[in-house]
Amino acid sequence: MKFENGSREGAGKTTPVSVSGARYRTGIMTLVLLVQVLFACTVSHVPENMDKSLVSHEDPVFDKRFQELSFQDIDLKQMWVERKYSENREKVMVNNYTFADIADAAKDGVVNIYTRRLEEKEAKFGISPNDILPIRIPILSDIFDIIPFKVPIPYRSEGFSLGSGFIINEHGFILTNAHVIHNSTDIRVVLAGVRREYLAKIIGSDRMTDTALIKIEPDHFLTALPLGSSDGVKIGEMVLAIGNPLGLEHSVTSGIVSAKGRIAPELNDKFVDFLQTDSAINPGNSGGPLLNLHGEVVGINTAVISKAQSIGFAIPIDTVKEVMPMLVLDQTERGWFGVKAVPLTLEKASELLYPDEWGILVVEVEKGSPAEKAGIRTHDIILELNGLSLKSFLLFRRKLLGLAPGHTVHLTIFRDGATMEVRSTLGRKGAKEESRKPHFNRHERGSAPEHSKETLLVRWTCSSPTPKKGNRPSSRRQTKRMPPAFS
């Protein structure tokens, strides 16, 4: 008992040395926490807001030689070397030198692209209590996670990127990906054949299709790669990808076309139906050509699924051809029609007494839109666009990508057993509208949608559509006129 009493008495005594030591430790801990709170900073090394434009179009990196022209002023027949597709073309006999011959013929037309660009990053100042606590406290730590203790402060820095491209014109016009040259302030192009570096400028860039056209000023005629047809490519066809992966210049990989009309799972903000290939595509390959065995460009290598192996994507070259006038003029605003449409199904075709099984079905007309004022109704079937039969919804989407405000379009529409033609001029929708781009409803990632939608605004110039001679439906059905358009 005495020992216990003595211990209790001793415990109540505190020496001056122990008091000062405790105060010293408490002061040090307080000072450390104060420094952490005031000066704690987390810097993101990954650029933020990659879609944000940080470089003004007045920057010297942009080439403005065509800015005063309109779509009616340009003729692109000589812009690139076109190879017409034919089902009866001679087949390529493959041997151990086939790939080598194709790569050797294309090497002078493939370029390496190095850019210096602006990047927006984020620094977070402050510290969360969860960073200090040795363990997580139930409920309380969850609340701390919600409260924004760290203040994000954006800042800009200079970054570097590398990519690939290919020459389409002997005078120095080069195609690449838009993300390769996005926010660039300085672009350098290295010709693989002669090992010379040239300063490049941006002619035009389209983020929607991830394509860009740049220009160098060579002192000699360059080797241009011919453009083939991505529509003519068959699934299983052998292809080559050439580029600058990870800085390894002029790398050649081979594979096949794994699929067509593919919606890339990690590129769901894009409006392009890609070619899928198992040719190795790595960082730096972006913008390089995907070649068939005839040495023709059928696609632009653009992306790969990082969590998979041998799943790469290329922009179909026929899509690039559609938007080429926009790239030349650097005018990538799309025209709008004011309707939503889906591919026509057999059940709907039978219900509407339409004798064929192809077409684009109008499912909704925007209230107050020019399409509504023109008399367009739901359940109208769009058969042709500018004389082109719309037997593929993917083709319809691709054609819309190349239509700018002011373009005149000719539509052939089926309604109530009759076909009729409509002539119209594409217009603009209000700048405050959210639907500034076509809306494609993708129900399944990684595959072409069954019921994709699009919206396009049209300013009608005709008073009423007129029936077309030689109607596609049976002549037993009575031909009817559409009602007059509203002014």
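The values are calculated or read from the model by the stated rules, or taken from the named source; none is laboratory data. The model shown is predicted, which means the values in this text are computed figures rather than measured ones. All Cβ positions, even for glycine, are placed from backbone atoms using ideal geometry, and neighbour counts span all protein chains on display.
Look at L400 and say whether it is touching a Phe, Trp or Tyr at 6+ places or on another chain (Cβ under 7 Å) and either buried (at least 21 other Cβ atoms within 10 Å of the Cβ) or of a type in the set (G, A, S) (or both). Let's see the steps before the verdict.
Working: touching a Phe, Trp or Tyr at 6+ places or on another chain (Cβ under 7 Å): no; either buried (at least 21 other Cβ atoms within 10 Å of the Cβ) or of a type in the set (G, A, S) (or both): yes.
So L400 fails the test.
Taking the condition surrounded by fewer than 19 Cβ atoms within 10 Å (Cβ to Cβ), at negative phi, out of contact with any Cys (no Cβ under 8 Å at 6 or more places or on another chain) and free of Cβ contacts under 8 Å to residues at least 12 places away in the same chain, does L118 pass?
Values: surrounded by fewer than 19 Cβ atoms within 10 Å (Cβ to Cβ): yes; at negative phi: yes; out of contact with any Cys (no Cβ under 8 Å at 6 or more places or on another chain): yes; free of Cβ contacts under 8 Å to residues at least 12 places away in the same chain: no.
So L118 fails the test.
Scan T408, T412 and give me the residue that is surrounded by 16 or more Cβ atoms within 10 Å (Cβ to Cβ), β-branched (V, I, T) and out of contact with any Cys (no Cβ under 6 Å at 6 or more places or on another chain).
On the way: T408 fails: surrounded by 16 or more Cβ atoms within 10 Å (Cβ to Cβ).
Selected residue: T412, the only one of T408, T412 that is surrounded by 16 or more Cβ atoms within 10 Å (Cβ to Cβ), β-branched (V, I, T) and out of contact with any Cys (no Cβ under 6 Å at 6 or more places or on another chain).
Among the residues of segment 390-403, is any without any contact (Cβ under 8 Å) to a residue 60 or more places away in the chain and assigned to a strand (DSSP E or B)?
no
Considering only residues that are out of contact with any strand residue (DSSP E or B) (no Cβ under 8 Å at 6 or more places or on another chain) and either over 17 Å from D219 (Cβ atoms) or surrounded by 17 or more Cβ atoms within 10 Å (Cβ to Cβ) (or both), which ones fall in segment 147-178?
The answer is I147, P148, F149, N169.
Across segment 421-438, what is the total count of residues that are out of contact with any Phe, Trp or Tyr (no Cβ under 8 Å at 6 or more places or on another chain) and at pLDDT 50 or above?
Qualifying residue count for the region: 3.
Could you tell me which of the residues V320, V339, V362, V298 is of a type outside the set (D, E, K, R) and assigned to a helix (DSSP H, G or I)? Outline the logic, then answer.
Details: V339 fails: assigned to a helix (DSSP H, G or I); V362 fails: assigned to a helix (DSSP H, G or I); V298 fails: assigned to a helix (DSSP H, G or I).
None of the others qualify; the one that does is V320.
Check G312 against each of (1) of a type outside the set (A, V, I, L, M, F, W, C); (2) under 23 Å from the mean Cα position of the chain (by Cα); (3) not assigned by TED's automatic domain parsing to the domain that holds I203 and name the one condition it does not meet.
So G312 meets the others, but not (3).
Checking the condition part of a loop (DSSP other than H, G, I, E, B), among the polar types (S, T, N, Q) and modelled with pLDDT of 60 or more, which residue from Q72, Q78 passes?
None of the others qualify; the one that does is Q78.
For segment 328-371, enumerate the residues that are under 30 Å from I203 (Cβ atoms) and not hydrophobic (A, V, I, L, M, F, W, C).
First pass over segment 328-371, keeping only residues under 30 Å from I203 (Cβ atoms): 328-337.
Those that are under 30 Å from I203 (Cβ atoms) and not hydrophobic (A, V, I, L, M, F, W, C): D330, Q331, T332, E333, R334, G335.
All but one of (1) closer than 30 Å to E82 by Cα; (2) in contact with a strand residue (DSSP E or B) (Cβ under 6 Å, 6 or more places away or on another chain); (3) surrounded by fewer than 18 Cβ atoms within 10 Å (Cβ to Cβ) hold for S310; which doesn't?
(2)
Among (1) buried (at least 18 other Cβ atoms within 10 Å of the Cβ); (2) within 28 Å of G402 (Cα to Cα); (3) not basic (K, R), where does E237 come up short?
It fails just one condition, (1).
I'm trying to understand the selection: among the residues of segment 190-210, which are of a type in the set (D, E, K, R), outside any strand (DSSP E or B) and more than 23 Å from the chain's Cα centre (by Cα)?
R195
Can we say G236 is at pLDDT 95 or above and on the phi > 0 side of the Ramachandran plot?
yes
How many residues does segment 50-69 hold that are of a type in the set (S, T, N, Q) and either over 24 Å from Y155 (Cα atoms) or not in a loop (DSSP other than H, G, I, E, B) (or both)?
Pass one, segment 50-69, residues of a type in the set (S, T, N, Q): 53, 56, 67.
Filter again for either over 24 Å from Y155 (Cα atoms) or not in a loop (DSSP other than H, G, I, E, B) (or both), leaving 67.
Total meeting the criteria: 1.
Kindly provide the set of residues from segment 405-423 that are of a type in the set (K, R) and within 15 Å of L344 (Cα to Cα), ordered by number.
R415
In segment 81-90, how many residues are modelled with pLDDT of 90 or more and either in contact with a His (Cβ under 8 Å, 6 or more places away or on another chain) or assigned to a loop (DSSP other than H, G, I, E, B) (or both)?
Total meeting the criteria: 1.
Any residue at all in segment 316-328 that is buried (at least 18 other Cβ atoms within 10 Å of the Cβ), more than 27 Å from V233 (Cβ to Cβ) and among the hydrophobic types (A, V, I, L, M, F, W, C)?
No, segment 316-328 contains no residue that is buried (at least 18 other Cβ atoms within 10 Å of the Cβ), more than 27 Å from V233 (Cβ to Cβ) and among the hydrophobic types (A, V, I, L, M, F, W, C).
Scanning for something under 30 Å from V239 (Cβ atoms) and outside the structural domain of T209 (by TED's automatic domain parsing), does segment 354-375 turn up at least one residue?
yes
Per-residue answers, yes or no, for (1) in contact with a Lys or Arg (Cβ under 8 Å, 6 or more places away or on another chain); (2) surrounded by fewer than 10 Cβ atoms within 10 Å (Cβ to Cβ); (3) assigned by TED's automatic domain parsing to the domain that holds P289; (4) not basic (K, R):
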| site | (1), (2), (3), (4) |
| --- | --- |
| D63 | yes, no, yes, yes |
| F71 | no, no, yes, yes |
| I74 | no, no, yes, yes |
| N88 | no, yes, no, yes |
| K91 | no, yes, no, no |
| I102 | no, no, yes, yes |
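Hey, can you tell me all the residues within segment 345-385 that are surrounded by 16 or more Cβ atoms within 10 Å (Cβ to Cβ), closer than 24 Å to K429 by Cβ and of a type in the set (G, A, S)?
Within segment 345-385, S369, A371, A374, G375 qualify.
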